[in-house]
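The values are calculated or read from the model by the stated rules, or taken from the named source; none is laboratory data. Fair warning: this is a prediction, and the values are worked out from it, not measured in the lab. Heads up: the accessible areas ignore ligands, DNA and RNA and are worked out on the full protein's heavy atoms, side chains in. Shrake-Rupley method; radii C 1.70, N 1.55, O 1.52, S 1.80 Å.
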Amino acid sequence: MAELNEHVAYLSQEIGPRPAGTEEEQRAALYISEQFSAEAGLTTAMEDFQCNPDSSLPLSLIHISEPTRP
């Protein structure tokens, strides 16, 4: 679980917010792609898309916590 927390910390603290169409989004996608390839041996592909970045859109927050044990 520590490794997962390291990935989340890198994405949220080193790269920071990643609105669509920004350099930060591209950096995060590349990081995730590299991790899937290196750690899981999965083949990944990046697809370009057109978007209209809008900083007024709400940002998403994902919270990941360790599962509770019965």
* Report the residue count in segment 20-31 for those that are open to solvent by less than 70 Å² (accessible area, probe 1.4 Å) and either within 13 Å of the chain's Cα centre (by Cα) or modelled with pLDDT of 80 or more (or both). => 7
* Hey, among Pro17, Pro70, Pro53, Pro58, which residue is in a loop (DSSP other than H, G, I, E, B) and at pLDDT 85 or above? -> Pro17
* Asked: Across segment 20-41, what is the total count of residues that are among the small types (Gly, Ala, Ser) and not in a helix (DSSP H, G or I)?
  -> 3
